[in-house]
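To keep things clear, I will list the structure first and then write my remarks on it.
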Amino acid sequence: MKKLSKYIRYYKSITAITLGLMYLAVGIRHFISPEIFVAITPPFVYFREAAVYFTGIIEIIGGALLLINKYRKKGAVLMIILLLLVFPANIYLVFSEEAQAVFQGTRTDALIRIPFQIPLILIAYWHSKQKVSRWVELFCILSFPPTIIYFLSL
């Protein structure tokens, strides 16, 4: 059982580093192609472009913190907050044909994207805690590969 625990800790580190790099890349993309993120920002958000830059900065900081074991928990908490804050953009993407066109996706693509937010939040939660229930740990272990494959395929 101790040996299995060692492998789980190693796997958990790999997931944190992988997600950290992914969040860094997406955060940087907020500055390279802000129009994509502005298009999926719901109209009720004031100063949409500023919100995109702000979330980009948070994503870069959170991603960087996930890469450093000492700060991983703080990065994970930051990512949970960010994922919850940007969730309305994922909902808006489902209903806005204009946002779908800029995002270069369909309504079906947007609908498929929504459930993948749940593993991202739970995996971030997993990284924010030293110990979680076996069910959460198992869910995170099993959901990480399809989640990362999905986002890398975009």
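The values are calculated or read from the model by the stated rules, or taken from the named source; none is laboratory data. It should be emphasised that the depicted structure is a prediction, and the values quoted were computed from it without experimental measurement. Neighbour counts run over all protein chains shown; Cβ positions are idealised from the backbone, glycine included. Each accessible area value is taken on the protein alone, full model and side chains, heavy atoms only, with ligands, DNA and RNA left out. Shrake-Rupley method; radii C 1.70, N 1.55, O 1.52, S 1.80 Å.
Values for this structure:
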quantity: Filtered residue count, region 126-154, keeping only those that are among the basic types (Lys, Arg), without any contact (Cβ under 8 Å) to a residue 24 or more places away in the chain and in a loop (DSSP other than H, G, I, E, B); calculated: 1
quantity: Meets criteria (within 17 Å of the chain's Cα centre (by Cα) and open to solvent by less than 70 Å² (accessible area, probe 1.4 Å)) for Tyr150; calculated: yes
quantity: Out of Phe103, Phe139, Phe151, sole residue that is at pLDDT below 95 and over 14 Å from Leu19 (Cα atoms); calculated: Phe103
quantity: Ile81 vs. criteria modelled with pLDDT of 95 or more and surrounded by 15 or more Cβ atoms within 10 Å (Cβ to Cβ); calculated: no
quantity: Count of residues meeting criterion [hydrophobic (A, V, I, L, M, F, W, C), open to solvent by 80 Å² or more (accessible area, probe 1.4 Å) and touching a helix residue (DSSP H, G or I) at 6+ places or on another chain (Cβ under 6 Å)] in region 35-59; calculated: 0
quantity: Ala110 in contact (Cβ under 8 Å) with a residue 40 or more places away in the chain and either buried (at least 18 other Cβ atoms within 10 Å of the Cβ) or under 21 Å from Leu138 (Cα atoms) (or both); calculated: no
quantity: Residue within region 11-34 that is modelled with pLDDT under 95, open to solvent by 70 Å² or more (accessible area, probe 1.4 Å) and farther than 19 Å from Tyr150 by Cα present; calculated: no
quantity: Leu93 vs. criteria within 15 Å of the chain's Cα centre (by Cα) and surrounded by 15 or more Cβ atoms within 10 Å (Cβ to Cβ); calculated: no
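Each row is one residue, and each column tells you yes or no for (1) without any contact (Cβ under 8 Å) to a residue 12 or more places away in the chain; (2) at negative phi; (3) of a type in the set (Lys, Arg).
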| site | (1), (2), (3) |
| --- | --- |
| Tyr7 | yes, yes, no |
| Lys12 | no, yes, yes |
| Leu19 | no, yes, no |
| Ile28 | no, yes, no |
| Tyr53 | no, yes, no |
